[in-house]
1. If A:Arg9 satisfies every condition in (1) in contact with a Leu (Cβ under 8 Å, 6 or more places away or on another chain); (2) within 18 Å of B:Ile127 (Cα to Cα); (3) away from every other protein chain (no Cβ under 14 Å) but one, which is the exception?
2. Return the pairs, sorted by first residue and then second, in which the second residue is charged (D, E, K, R) and buried (at least 24 other Cβ atoms within 10 Å of the Cβ), the first residue lies in segment B:1-27 and is within 18 Å of B:Arg55 (Cβ to Cβ), the beta carbons are less than 6 Å apart, and the residues are 6+ apart or on different chains.
3. Within segment B:234-249, is there a residue that is closer than 19 Å to A:Ala237 by Cα, buried (at least 23 other Cβ atoms within 10 Å of the Cβ), more than 9 Å from chain A (Cβ to nearest Cβ) and at pLDDT 95 or above?
4. Within segment A:66-73, does at least one residue satisfy the condition of being among the charged types (D, E, K, R), surrounded by fewer than 24 Cβ atoms within 10 Å (Cβ to Cβ) and touching a Phe, Trp or Tyr at 6+ places or on another chain (Cβ under 9 Å)?
5. Quick one: B:Gln76 ticks every box in (1) in a helix (DSSP H, G or I); (2) under 15 Å from B:Glu8 (Cβ atoms); (3) within 11 Å of chain A (Cβ to nearest Cβ); (4) not acidic (Asp, Glu) except a single one, so which number is it?
6. Take B:Asp282 and tell me if it is more than 8 Å from chain A (Cβ to nearest Cβ) and either touching a Leu at 6+ places or on another chain (Cβ under 7 Å) or surrounded by fewer than 23 Cβ atoms within 10 Å (Cβ to Cβ) (or both).
7. So, restricting to strands (runs of 3 or more DSSP E) that lie completely within segment A:139-185, which ones have at least 1 residues that are crowded, with 23+ Cβ neighbours inside 10 Å, of a type in the set (S, T, N, Q) and touching a helix residue (DSSP H, G or I) at 6+ places or on another chain (Cβ under 8 Å)?
8. Scan segment B:148-191 residue by residue and report those that are closer than 19 Å to B:Ala251 by Cβ and more than 9 Å from chain A (Cβ to nearest Cβ).
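The values are calculated or read from the model by the stated rules, or taken from the named source; none is laboratory data. Small disclaimer: the values here were computed from a predicted structure and weren't measured. Neighbour counts run over all protein chains shown; Cβ positions are idealised from the backbone, glycine included.
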Amino acid sequence: MKVLVAVKRVLDYNVKVRVKSDQSGVDLANVKMSMNPFDEIAVEEAVRLKEAGLASEIVVVSAGVSQSQETLRTALAIGADRAILVESEVELQPLAVAKILQHVAEKEQVGIIILGKQAIDDDCNQTGQMLASLMDLSQATFASKLEIKESKAFVTREVDGGLETLELDLPAVVTADLRLNEPRFITLPNIMKAKKKSLEVIKVDALNLDIAPRIKTLKVVEPGARKAGVVVADAAALIDKLKNEAKVI
Amino acid sequence: MAALIIAEHDNVTLKSSTLSAVTAASLCATEVDVLVVGFNVDTVVSQATLISNVRKVIQIDSPHLADHLAEPLALQILNVANGYTHLLAPSTANGKNVMPRVAAKLNVGQISDITKVETPDIFERPIYAGNAIATVQSNDNVKVITVRVTGFDPSPSVGGAASIEKKDAVQGARKSAFVSRDLTQSDRPELTAAKRVVSGGRGLGSGEKYQEIIVPLADKIGAALGASRAAVDAGYVPNDYQVGQTGKIVAPELYVAVAISGAIQHLAGMKDSKVIVAINKDPEAPIFSVADYGLVADLFAAVPELTQAI
(Lines give C-alpha, C1' and ligand atoms only; values in the text may rest on other atoms or scores of the structure.)
Protein backbone atom coordinates (compact mmCIF):
# COMPACT_ATOMS: atom_id res chain seq x y z
CA MET A 1 0.00 0.00 0.00
CA LYS A 2 1.28 3.40 -1.00
CA VAL A 3 0.95 6.22 1.55
CA LEU A 4 0.63 9.87 0.63
CA VAL A 5 1.54 12.48 3.23
CA ALA A 6 0.98 16.21 2.75
CA VAL A 7 3.23 18.75 4.44
CA LYS A 8 3.22 22.55 4.70
CA ARG A 9 6.01 25.02 5.30
CA VAL A 10 5.03 27.42 8.08
CA LEU A 11 6.53 29.90 10.50
CA ASP A 12 8.45 27.84 13.08
CA TYR A 13 6.29 27.28 16.14
CA ASN A 14 8.96 28.74 18.43
CA VAL A 15 9.17 32.03 16.56
CA LYS A 16 7.28 34.97 18.01
CA VAL A 17 4.55 36.11 15.62
CA ARG A 18 4.92 39.73 14.50
CA VAL A 19 2.18 41.54 12.67
CA LYS A 20 3.40 43.86 9.90
CA SER A 21 2.90 47.55 10.62
CA ASP A 22 0.95 48.03 7.37
CA GLN A 23 -1.55 45.37 8.60
CA SER A 24 -1.03 43.32 5.43
CA GLY A 25 -0.12 40.13 7.28
CA VAL A 26 2.41 38.45 9.55
CA ASP A 27 6.09 39.23 8.99
CA LEU A 28 7.73 36.17 7.40
CA ALA A 29 10.91 37.89 6.18
CA ASN A 30 14.13 36.42 7.57
CA VAL A 31 12.44 34.22 10.14
CA LYS A 32 12.83 30.50 10.67
CA MET A 33 10.36 28.40 8.70
CA SER A 34 9.71 24.74 9.51
CA MET A 35 7.39 21.88 8.76
CA ASN A 36 3.94 22.33 10.30
CA PRO A 37 4.19 20.28 13.56
CA PHE A 38 1.00 18.30 12.86
CA ASP A 39 2.38 17.35 9.43
CA GLU A 40 5.55 16.09 11.08
CA ILE A 41 3.35 13.75 13.13
CA ALA A 42 1.67 12.66 9.88
CA VAL A 43 5.04 11.83 8.28
CA GLU A 44 6.13 9.92 11.40
CA GLU A 45 2.93 7.86 11.33
CA ALA A 46 3.51 6.94 7.69
CA VAL A 47 7.08 5.87 8.47
CA ARG A 48 5.80 3.70 11.33
CA LEU A 49 3.31 2.05 8.96
CA LYS A 50 6.18 1.25 6.62
CA GLU A 51 8.37 -0.05 9.45
CA ALA A 52 5.49 -2.29 10.51
CA GLY A 53 5.35 -3.72 7.00
CA LEU A 54 1.95 -2.17 6.25
CA ALA A 55 3.11 0.40 3.72
CA SER A 56 5.22 -0.16 0.63
CA GLU A 57 6.15 3.40 -0.26
CA ILE A 58 5.73 6.84 1.28
CA VAL A 59 5.25 9.75 -1.08
CA VAL A 60 5.38 13.17 0.54
CA VAL A 61 3.86 16.17 -1.20
CA SER A 62 3.83 19.90 -0.57
CA ALA A 63 2.15 22.74 -2.41
CA GLY A 64 3.66 26.18 -2.21
CA VAL A 65 6.75 28.25 -2.81
CA SER A 66 10.06 26.85 -4.04
CA GLN A 67 11.56 26.91 -0.51
CA SER A 68 9.08 24.20 0.46
CA GLN A 69 11.70 21.84 -0.97
CA GLU A 70 13.51 22.19 2.39
CA THR A 71 10.36 21.03 4.18
CA LEU A 72 10.12 18.06 1.83
CA ARG A 73 13.79 17.19 2.51
CA THR A 74 12.95 17.13 6.22
CA ALA A 75 10.13 14.67 5.50
CA LEU A 76 12.54 12.53 3.45
CA ALA A 77 14.97 12.60 6.37
CA ILE A 78 12.25 11.34 8.73
CA GLY A 79 11.80 8.42 6.35
CA ALA A 80 9.58 9.27 3.37
CA ASP A 81 10.76 7.64 0.13
CA ARG A 82 10.23 10.37 -2.43
CA ALA A 83 8.86 13.87 -2.65
CA ILE A 84 6.73 16.01 -4.94
CA LEU A 85 6.52 19.79 -4.81
CA VAL A 86 3.66 21.44 -6.63
CA GLU A 87 5.19 24.86 -6.94
CA SER A 88 3.09 27.99 -6.81
CA GLU A 89 3.98 31.62 -6.27
CA VAL A 90 0.36 32.58 -5.70
CA GLU A 91 -1.23 32.04 -2.29
CA LEU A 92 -2.84 28.61 -2.03
CA GLN A 93 -5.88 28.31 0.20
CA PRO A 94 -7.13 24.96 1.60
CA LEU A 95 -9.58 24.31 -1.25
CA ALA A 96 -6.80 24.85 -3.81
CA VAL A 97 -4.40 22.60 -1.88
CA ALA A 98 -7.09 19.91 -1.65
CA LYS A 99 -7.53 20.00 -5.42
CA ILE A 100 -3.77 19.71 -5.93
CA LEU A 101 -3.57 16.80 -3.48
CA GLN A 102 -6.48 15.10 -5.23
CA HIS A 103 -4.56 15.29 -8.50
CA VAL A 104 -1.45 13.75 -6.93
CA ALA A 105 -3.36 11.08 -4.97
CA GLU A 106 -5.23 9.91 -8.07
CA LYS A 107 -2.08 9.82 -10.18
CA GLU A 108 -0.17 7.90 -7.51
CA GLN A 109 -3.04 5.51 -6.68
CA VAL A 110 -2.44 5.73 -2.95
CA GLY A 111 -4.04 3.53 -0.28
CA ILE A 112 -4.15 6.08 2.50
CA ILE A 113 -3.55 9.83 2.79
CA ILE A 114 -2.28 11.29 6.06
CA LEU A 115 -2.19 15.03 6.80
CA GLY A 116 -1.80 17.21 9.87
CA LYS A 117 -5.16 18.25 11.33
CA GLN A 118 -4.41 21.92 10.79
CA ALA A 119 -1.59 24.27 9.89
CA ILE A 120 -0.39 26.49 12.72
CA ASP A 121 -0.31 29.60 10.52
CA ASP A 122 -3.84 30.01 9.14
CA ASP A 123 -5.39 27.57 11.69
CA CYS A 124 -7.95 26.58 9.05
CA ASN A 125 -8.39 22.86 9.77
CA GLN A 126 -9.92 22.20 6.34
CA THR A 127 -7.57 20.59 3.83
CA GLY A 128 -7.92 16.92 4.85
CA GLN A 129 -11.72 17.06 5.00
CA MET A 130 -11.91 18.91 1.67
CA LEU A 131 -9.63 16.36 0.03
CA ALA A 132 -11.74 13.46 1.33
CA SER A 133 -14.85 15.21 0.04
CA LEU A 134 -13.45 15.93 -3.44
CA MET A 135 -12.33 12.29 -3.75
CA ASP A 136 -15.50 10.87 -2.13
CA LEU A 137 -13.39 9.07 0.44
CA SER A 138 -14.08 8.39 4.10
CA GLN A 139 -12.23 10.47 6.66
CA ALA A 140 -11.03 10.38 10.23
CA THR A 141 -9.92 13.73 11.58
CA PHE A 142 -8.05 14.45 14.84
CA ALA A 143 -6.54 10.95 14.96
CA SER A 144 -4.79 9.82 18.12
CA LYS A 145 -4.39 6.17 17.04
CA LEU A 146 -4.24 4.46 13.65
CA GLU A 147 -4.33 0.73 12.96
CA ILE A 148 -4.51 -0.99 9.58
CA LYS A 149 -6.19 -4.42 9.62
CA GLU A 150 -7.60 -6.45 6.73
CA SER A 151 -7.51 -3.49 4.33
CA LYS A 152 -9.43 -1.26 6.71
CA ALA A 153 -8.21 1.59 8.89
CA PHE A 154 -9.30 1.72 12.54
CA VAL A 155 -8.84 5.25 13.77
CA THR A 156 -9.32 6.61 17.28
CA ARG A 157 -10.27 10.28 17.17
CA GLU A 158 -10.10 13.03 19.76
CA VAL A 159 -13.62 14.44 19.97
CA ASP A 160 -15.36 16.76 22.42
CA GLY A 161 -15.64 14.94 25.71
CA GLY A 162 -13.39 11.98 24.93
CA LEU A 163 -12.46 9.56 22.18
CA GLU A 164 -14.26 7.69 19.44
CA THR A 165 -13.13 4.94 17.11
CA LEU A 166 -14.13 4.62 13.46
CA GLU A 167 -13.61 1.91 10.88
CA LEU A 168 -12.78 3.25 7.41
CA ASP A 169 -12.68 1.56 4.03
CA LEU A 170 -9.39 2.24 2.25
CA PRO A 171 -8.38 4.44 0.59
CA ALA A 172 -9.17 7.00 3.26
CA VAL A 173 -8.00 10.35 4.59
CA VAL A 174 -6.65 10.60 8.14
CA THR A 175 -5.64 13.85 9.86
CA ALA A 176 -3.15 13.70 12.70
CA ASP A 177 -3.70 15.19 16.13
CA LEU A 178 -0.99 15.94 18.67
CA ARG A 179 -1.03 12.57 20.41
CA LEU A 180 -0.87 10.25 17.41
CA ASN A 181 2.87 9.80 17.99
CA GLU A 182 6.05 11.60 18.93
CA PRO A 183 8.13 12.26 15.84
CA ARG A 184 11.68 10.92 15.94
CA PHE A 185 14.78 13.09 15.98
CA ILE A 186 16.34 13.40 12.58
CA THR A 187 19.88 12.00 12.45
CA LEU A 188 22.71 13.35 10.32
CA PRO A 189 23.05 10.12 8.28
CA ASN A 190 19.35 10.34 7.46
CA ILE A 191 19.71 13.98 6.39
CA MET A 192 22.53 12.89 4.05
CA LYS A 193 20.42 10.02 2.70
CA ALA A 194 17.48 12.38 2.16
CA LYS A 195 19.58 14.52 -0.17
CA LYS A 196 19.83 11.60 -2.59
CA LYS A 197 16.11 10.80 -2.63
CA SER A 198 13.94 11.90 -5.55
CA LEU A 199 12.25 15.31 -5.31
CA GLU A 200 10.09 16.15 -8.31
CA VAL A 201 8.96 19.73 -8.91
CA ILE A 202 5.75 20.35 -10.85
CA LYS A 203 4.54 23.83 -11.75
CA VAL A 204 0.99 24.30 -10.53
CA ASP A 205 -0.06 25.82 -13.87
CA ALA A 206 0.65 22.48 -15.55
CA LEU A 207 -2.20 20.90 -13.55
CA ASN A 208 -4.87 23.19 -14.98
CA LEU A 209 -6.84 23.52 -11.75
CA ASP A 210 -8.98 26.35 -10.43
CA ILE A 211 -6.81 27.44 -7.53
CA ALA A 212 -7.86 31.07 -7.27
CA PRO A 213 -8.05 32.30 -3.63
CA ARG A 214 -11.67 32.47 -2.45
CA ILE A 215 -11.08 34.45 0.68
CA LYS A 216 -9.38 37.82 0.69
CA THR A 217 -7.49 39.06 3.74
CA LEU A 218 -8.37 42.70 4.29
CA LYS A 219 -6.13 43.28 7.29
CA VAL A 220 -4.22 41.53 10.03
CA VAL A 221 -3.82 43.12 13.45
CA GLU A 222 -2.48 42.18 16.86
CA PRO A 223 -5.08 40.89 19.30
CA GLY A 224 -6.29 43.28 21.95
CA ALA A 225 -4.04 42.86 24.95
CA ARG A 226 -5.53 41.90 28.26
CA LYS A 227 -4.21 44.08 31.00
CA ALA A 228 -2.67 42.50 34.04
CA GLY A 229 -4.67 42.82 37.24
CA VAL A 230 -3.64 42.89 40.84
CA VAL A 231 -1.70 40.52 43.04
CA VAL A 232 -3.54 39.74 46.25
CA ALA A 233 -1.95 38.88 49.58
CA ASP A 234 -3.70 35.63 50.46
CA ALA A 235 -6.66 33.34 49.88
CA ALA A 236 -8.95 35.47 52.04
CA ALA A 237 -8.14 38.61 50.04
CA LEU A 238 -8.76 36.67 46.82
CA ILE A 239 -12.19 35.54 47.96
CA ASP A 240 -13.02 39.10 48.97
CA LYS A 241 -12.10 40.36 45.48
CA LEU A 242 -14.06 37.60 43.72
CA LYS A 243 -17.13 38.19 45.86
CA ASN A 244 -17.24 41.95 46.15
CA GLU A 245 -15.33 43.34 43.18
CA ALA A 246 -15.68 40.81 40.33
CA LYS A 247 -18.90 39.34 41.77
CA VAL A 248 -18.29 35.95 40.19
CA ILE A 249 -18.76 33.78 43.26
CA MET B 1 -30.81 36.20 2.76
CA ALA B 2 -31.17 33.07 4.88
CA ALA B 3 -28.69 31.16 6.99
CA LEU B 4 -28.72 27.50 7.95
CA ILE B 5 -27.15 26.29 11.17
CA ILE B 6 -26.05 22.72 11.67
CA ALA B 7 -27.13 21.92 15.25
CA GLU B 8 -24.67 20.39 17.70
CA HIS B 9 -26.34 17.70 19.78
CA ASP B 10 -26.02 14.12 21.04
CA ASN B 11 -29.46 12.97 19.79
CA VAL B 12 -30.86 13.86 23.21
CA THR B 13 -29.85 17.41 24.08
CA LEU B 14 -29.20 20.45 21.96
CA LYS B 15 -25.74 21.82 22.87
CA SER B 16 -25.39 25.46 23.83
CA SER B 17 -22.73 25.94 21.14
CA THR B 18 -25.65 25.91 18.67
CA LEU B 19 -27.05 29.00 20.40
CA SER B 20 -23.84 30.95 19.80
CA ALA B 21 -23.94 29.93 16.14
CA VAL B 22 -27.52 31.29 15.95
CA THR B 23 -26.27 34.65 17.21
CA ALA B 24 -23.52 34.71 14.59
CA ALA B 25 -26.00 33.68 11.89
CA SER B 26 -28.48 36.43 12.76
CA LEU B 27 -25.69 38.93 12.07
CA CYS B 28 -25.27 37.38 8.59
CA ALA B 29 -28.85 36.91 7.45
CA THR B 30 -32.40 37.99 8.20
CA GLU B 31 -33.76 34.43 8.35
CA VAL B 32 -32.14 31.71 10.41
CA ASP B 33 -33.03 28.02 10.12
CA VAL B 34 -31.59 25.16 12.15
CA LEU B 35 -30.85 21.70 10.75
CA VAL B 36 -30.98 18.77 13.18
CA VAL B 37 -29.50 15.58 11.72
CA GLY B 38 -29.42 12.43 13.83
CA PHE B 39 -31.49 9.51 15.08
CA ASN B 40 -34.55 9.88 17.34
CA VAL B 41 -33.94 13.59 17.64
CA ASP B 42 -37.51 14.74 18.44
CA THR B 43 -36.48 16.30 21.76
CA VAL B 44 -33.52 18.09 20.16
CA VAL B 45 -35.83 19.45 17.48
CA SER B 46 -38.34 20.74 20.00
CA GLN B 47 -35.53 22.42 21.95
CA ALA B 48 -34.35 24.05 18.73
CA THR B 49 -37.81 25.44 17.95
CA LEU B 50 -37.64 27.45 21.18
CA ILE B 51 -34.44 29.32 20.27
CA SER B 52 -35.05 33.03 19.74
CA ASN B 53 -34.58 34.29 16.19
CA VAL B 54 -35.05 30.88 14.53
CA ARG B 55 -37.59 30.64 11.69
CA LYS B 56 -37.66 26.93 10.94
CA VAL B 57 -36.11 23.70 12.21
CA ILE B 58 -35.39 21.02 9.65
CA GLN B 59 -35.34 17.48 11.03
CA ILE B 60 -33.59 14.62 9.27
CA ASP B 61 -33.93 11.46 11.29
CA SER B 62 -32.45 8.07 10.38
CA PRO B 63 -30.62 5.21 12.15
CA HIS B 64 -27.56 5.65 9.91
CA LEU B 65 -27.20 9.24 11.12
CA ALA B 66 -27.00 8.35 14.83
CA ASP B 67 -23.24 8.73 15.13
CA HIS B 68 -22.79 12.00 13.23
CA LEU B 69 -20.22 10.59 10.84
CA ALA B 70 -18.90 13.25 8.48
CA GLU B 71 -19.75 11.49 5.21
CA PRO B 72 -23.52 10.96 5.63
CA LEU B 73 -23.90 14.21 7.59
CA ALA B 74 -22.32 16.24 4.77
CA LEU B 75 -24.74 14.60 2.31
CA GLN B 76 -27.77 15.70 4.34
CA ILE B 77 -26.47 19.26 4.65
CA LEU B 78 -25.83 19.46 0.91
CA ASN B 79 -29.31 18.13 0.23
CA VAL B 80 -30.98 21.06 2.01
CA ALA B 81 -28.34 23.76 1.37
CA ASN B 82 -29.97 25.17 -1.73
CA GLY B 83 -31.30 28.70 -1.19
CA TYR B 84 -29.12 29.54 1.81
CA THR B 85 -26.46 32.24 1.59
CA HIS B 86 -24.72 31.11 4.77
CA LEU B 87 -24.11 27.63 6.21
CA LEU B 88 -22.80 27.74 9.75
CA ALA B 89 -21.77 25.26 12.42
CA PRO B 90 -20.18 25.80 15.81
CA SER B 91 -16.43 25.13 15.81
CA THR B 92 -16.80 21.91 17.74
CA ALA B 93 -15.14 18.61 16.82
CA ASN B 94 -18.24 17.78 14.76
CA GLY B 95 -18.48 21.17 13.09
CA LYS B 96 -14.81 21.20 12.16
CA ASN B 97 -15.11 17.64 10.89
CA VAL B 98 -18.03 18.10 8.51
CA MET B 99 -18.11 21.68 7.22
CA PRO B 100 -15.02 21.56 4.97
CA ARG B 101 -16.58 18.50 3.27
CA VAL B 102 -19.63 20.63 2.50
CA ALA B 103 -17.54 23.59 1.29
CA ALA B 104 -15.46 21.42 -1.04
CA LYS B 105 -18.56 19.90 -2.67
CA LEU B 106 -19.95 23.42 -3.22
CA ASN B 107 -16.55 24.49 -4.58
CA VAL B 108 -16.31 27.36 -2.10
CA GLY B 109 -13.79 28.35 0.54
CA GLN B 110 -14.53 27.96 4.23
CA ILE B 111 -14.14 30.68 6.83
CA SER B 112 -13.02 28.83 9.96
CA ASP B 113 -13.51 29.85 13.55
CA ILE B 114 -15.00 33.32 13.12
CA THR B 115 -15.08 35.53 16.21
CA LYS B 116 -16.91 38.52 14.71
CA VAL B 117 -19.29 39.29 11.86
CA GLU B 118 -18.60 42.71 10.35
CA THR B 119 -20.89 42.41 7.35
CA PRO B 120 -22.54 39.33 5.81
CA ASP B 121 -19.33 38.71 3.85
CA ILE B 122 -16.62 40.17 6.13
CA PHE B 123 -15.51 38.34 9.24
CA GLU B 124 -12.82 38.37 11.90
CA ARG B 125 -10.94 35.21 12.77
CA PRO B 126 -7.87 34.48 14.87
CA ILE B 127 -4.79 33.09 13.12
CA TYR B 128 -1.40 31.95 14.42
CA ALA B 129 -2.94 30.52 17.61
CA GLY B 130 -4.65 33.82 18.35
CA ASN B 131 -1.43 35.83 18.05
CA ALA B 132 -2.98 37.77 15.16
CA ILE B 133 -6.53 38.61 14.14
CA ALA B 134 -7.38 38.59 10.44
CA THR B 135 -10.29 40.41 8.84
CA VAL B 136 -11.32 38.40 5.78
CA GLN B 137 -13.82 38.76 3.00
CA SER B 138 -15.47 35.93 1.13
CA ASN B 139 -16.81 36.49 -2.37
CA ASP B 140 -18.24 33.00 -2.76
CA ASN B 141 -21.99 32.83 -3.38
CA VAL B 142 -22.40 30.61 -0.32
CA LYS B 143 -20.43 31.26 2.85
CA VAL B 144 -19.48 28.10 4.73
CA ILE B 145 -18.50 29.10 8.25
CA THR B 146 -17.48 27.59 11.56
CA VAL B 147 -18.20 29.78 14.57
CA ARG B 148 -15.89 30.09 17.55
CA VAL B 149 -18.41 29.68 20.33
CA THR B 150 -16.63 32.00 22.77
CA GLY B 151 -16.90 34.87 20.28
CA PHE B 152 -20.71 35.13 20.39
CA ASP B 153 -23.20 35.30 23.25
CA PRO B 154 -25.70 32.45 23.07
CA SER B 155 -29.08 33.33 21.59
CA PRO B 156 -31.82 32.84 24.26
CA SER B 157 -32.93 29.20 24.32
CA VAL B 158 -36.53 30.16 25.10
CA GLY B 159 -39.11 32.43 23.57
CA GLY B 160 -38.87 31.22 19.99
CA ALA B 161 -41.61 29.52 18.02
CA ALA B 162 -40.00 28.01 14.96
CA SER B 163 -41.86 25.67 12.64
CA ILE B 164 -40.70 22.09 12.04
CA GLU B 165 -40.05 20.59 8.63
CA LYS B 166 -39.27 16.87 8.39
CA LYS B 167 -37.15 15.70 5.49
CA ASP B 168 -36.17 12.23 4.38
CA ALA B 169 -32.55 11.22 4.79
CA VAL B 170 -30.36 10.79 1.73
CA GLN B 171 -28.59 7.45 1.54
CA GLY B 172 -24.98 7.34 0.35
CA ALA B 173 -22.33 4.68 -0.11
CA ARG B 174 -21.24 3.42 3.30
CA LYS B 175 -17.49 3.94 3.52
CA SER B 176 -16.99 4.31 7.24
CA ALA B 177 -18.58 2.93 10.36
CA PHE B 178 -18.75 3.85 13.99
CA VAL B 179 -16.95 1.36 16.27
CA SER B 180 -16.91 2.73 19.79
CA ARG B 181 -17.00 5.80 21.95
CA ASP B 182 -15.13 6.42 25.16
CA LEU B 183 -16.41 9.63 26.69
CA THR B 184 -15.24 10.92 30.04
CA GLN B 185 -18.14 10.35 32.42
CA SER B 186 -18.80 13.34 34.58
CA ASP B 187 -21.64 15.12 36.35
CA ARG B 188 -19.80 18.39 35.93
CA PRO B 189 -20.64 21.10 33.44
CA GLU B 190 -19.00 20.53 30.07
CA LEU B 191 -15.66 22.33 29.79
CA THR B 192 -16.48 24.57 26.82
CA ALA B 193 -19.93 25.49 28.15
CA ALA B 194 -19.10 25.91 31.84
CA LYS B 195 -19.52 29.25 33.61
CA ARG B 196 -16.59 28.42 35.87
CA VAL B 197 -13.45 26.43 35.13
CA VAL B 198 -10.64 25.32 37.43
CA SER B 199 -7.48 24.17 35.62
CA GLY B 200 -4.35 22.56 37.00
CA GLY B 201 -0.84 22.52 35.60
CA ARG B 202 2.31 20.49 35.96
CA GLY B 203 3.24 22.29 39.17
CA LEU B 204 0.79 19.94 40.89
CA GLY B 205 3.31 17.15 40.48
CA SER B 206 0.94 14.20 40.03
CA GLY B 207 -2.54 13.02 39.10
CA GLU B 208 -3.20 12.29 42.79
CA LYS B 209 -2.44 15.90 43.70
CA TYR B 210 -4.75 17.05 40.90
CA GLN B 211 -7.55 15.01 42.48
CA GLU B 212 -6.64 16.21 45.96
CA ILE B 213 -6.16 19.94 45.22
CA ILE B 214 -8.08 20.88 42.04
CA VAL B 215 -11.18 18.67 42.24
CA PRO B 216 -12.42 19.87 45.69
CA LEU B 217 -12.17 23.52 44.59
CA ALA B 218 -14.06 22.76 41.38
CA ASP B 219 -16.70 20.86 43.38
CA LYS B 220 -17.10 23.75 45.78
CA ILE B 221 -17.77 26.34 43.08
CA GLY B 222 -19.50 24.01 40.59
CA ALA B 223 -16.76 24.35 38.01
CA ALA B 224 -15.64 22.22 35.07
CA LEU B 225 -12.15 20.72 35.22
CA GLY B 226 -9.37 21.78 32.88
CA ALA B 227 -5.64 21.35 32.57
CA SER B 228 -2.57 22.63 30.78
CA ARG B 229 -0.97 20.61 28.01
CA ALA B 230 1.97 19.87 30.33
CA ALA B 231 -0.38 18.30 32.89
CA VAL B 232 -2.09 16.24 30.19
CA ASP B 233 1.22 15.11 28.69
CA ALA B 234 2.39 14.13 32.18
CA GLY B 235 -0.68 11.90 32.46
CA TYR B 236 -2.37 13.64 35.38
CA VAL B 237 -5.71 13.89 33.54
CA PRO B 238 -7.26 12.69 30.24
CA ASN B 239 -6.61 14.50 26.93
CA ASP B 240 -10.01 16.12 26.74
CA TYR B 241 -9.22 18.22 29.82
CA GLN B 242 -6.71 20.24 27.85
CA VAL B 243 -7.35 23.97 27.53
CA GLY B 244 -5.35 25.70 24.83
CA GLN B 245 -4.80 26.16 21.15
CA THR B 246 -4.73 22.43 20.43
CA GLY B 247 -7.28 21.62 23.11
CA LYS B 248 -10.47 23.35 24.17
CA ILE B 249 -11.07 27.06 23.76
CA VAL B 250 -12.96 28.32 26.79
CA ALA B 251 -14.30 31.69 27.94
CA PRO B 252 -16.09 31.17 31.26
CA GLU B 253 -17.09 33.89 33.69
CA LEU B 254 -14.40 32.67 36.07
CA TYR B 255 -11.20 30.82 35.11
CA VAL B 256 -8.91 29.67 37.90
CA ALA B 257 -5.43 28.60 36.76
CA VAL B 258 -3.55 26.67 39.43
CA ALA B 259 0.15 25.90 38.94
CA ILE B 260 -0.05 26.85 35.27
CA SER B 261 2.83 29.00 34.06
CA GLY B 262 0.87 30.35 31.10
CA ALA B 263 2.51 29.13 27.88
CA ILE B 264 1.27 31.04 24.85
CA GLN B 265 -0.70 28.06 23.60
CA HIS B 266 -2.52 27.77 26.92
CA LEU B 267 -3.31 31.50 26.97
CA ALA B 268 -4.76 31.15 23.47
CA GLY B 269 -7.37 28.82 24.92
CA MET B 270 -8.57 30.88 27.89
CA LYS B 271 -7.65 34.54 27.56
CA ASP B 272 -11.20 35.55 26.62
CA SER B 273 -12.47 34.44 30.04
CA LYS B 274 -14.23 37.21 31.91
CA VAL B 275 -12.29 36.94 35.17
CA ILE B 276 -8.98 35.09 35.38
CA VAL B 277 -7.41 34.02 38.66
CA ALA B 278 -3.85 32.70 38.72
CA ILE B 279 -2.31 30.85 41.64
CA ASN B 280 1.37 30.13 41.19
CA LYS B 281 4.45 30.22 43.36
CA ASP B 282 6.56 31.86 40.63
CA PRO B 283 5.82 35.63 40.57
CA GLU B 284 7.39 35.84 37.09
CA ALA B 285 5.01 33.29 35.51
CA PRO B 286 3.46 34.70 32.29
CA ILE B 287 -0.02 33.71 33.51
CA PHE B 288 0.07 36.75 35.81
CA SER B 289 0.22 39.07 32.80
CA VAL B 290 -3.33 38.07 31.82
CA ALA B 291 -4.77 37.42 35.28
CA ASP B 292 -7.21 39.83 36.93
CA TYR B 293 -6.27 38.45 40.32
CA GLY B 294 -2.96 36.81 41.07
CA LEU B 295 -1.97 34.94 44.17
CA VAL B 296 1.73 34.19 44.54
CA ALA B 297 1.70 31.30 46.97
CA ASP B 298 2.42 27.66 47.60
CA LEU B 299 -0.61 26.08 45.95
CA PHE B 300 -0.63 23.07 48.27
CA ALA B 301 -1.50 25.41 51.13
CA ALA B 302 -3.32 28.22 49.34
CA VAL B 303 -5.80 26.20 47.27
CA PRO B 304 -7.18 24.06 50.13
CA GLU B 305 -7.43 27.24 52.19
CA LEU B 306 -9.36 28.87 49.35
CA THR B 307 -11.61 25.83 48.94
CA GLN B 308 -12.43 25.82 52.61
CA ALA B 309 -13.08 29.56 52.88
CA ILE B 310 -15.32 29.96 49.81
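1. With respect to (1) in contact with a Leu (Cβ under 8 Å, 6 or more places away or on another chain); (2) within 18 Å of B:Ile127 (Cα to Cα); (3) away from every other protein chain (no Cβ under 14 Å), A:Arg9 is out only on (1).
2. Short answer, once both residue conditions are applied: B:Thr18/B:Glu8.
3. Looking only at segment B:234-249, we keep the residues that are closer than 19 Å to A:Ala237 by Cα, and these are none.
So far as segment B:234-249 goes, no, none of its residues is closer than 19 Å to A:Ala237 by Cα, buried (at least 23 other Cβ atoms within 10 Å of the Cβ), more than 9 Å from chain A (Cβ to nearest Cβ) and at pLDDT 95 or above.
4. Going through segment A:66-73, the residues among the charged types (D, E, K, R) turn out to be A:70, A:73.
Next cut, surrounded by fewer than 24 Cβ atoms within 10 Å (Cβ to Cβ) only: A:70, A:73.
From what's left, touching a Phe, Trp or Tyr at 6+ places or on another chain (Cβ under 9 Å): none.
No, that holds for no residue.
5. (3)
6. Details: more than 8 Å from chain A (Cβ to nearest Cβ): yes; either touching a Leu at 6+ places or on another chain (Cβ under 7 Å) or surrounded by fewer than 23 Cβ atoms within 10 Å (Cβ to Cβ) (or both): yes.
When the stated conditions are applied, B:Asp282 passes them.
7. On the way: elements: A:152-159, A:162-169, A:172-176.
Where strands (runs of 3 or more DSSP E) fall fully within segment A:139-185 and carry at least 1 residues being crowded, with 23+ Cβ neighbours inside 10 Å, of a type in the set (S, T, N, Q) and touching a helix residue (DSSP H, G or I) at 6+ places or on another chain (Cβ under 8 Å), they are A:172-176.
8. First, pick out the residues of segment B:148-191 that are closer than 19 Å to B:Ala251 by Cβ: B:148-157, B:188-191.
Across segment B:148-191, the qualifying residues are B:Arg148, B:Val149, B:Thr150, B:Gly151, B:Phe152, B:Asp153, B:Pro154, B:Ser155, B:Pro156, B:Ser157, B:Arg188, B:Pro189.
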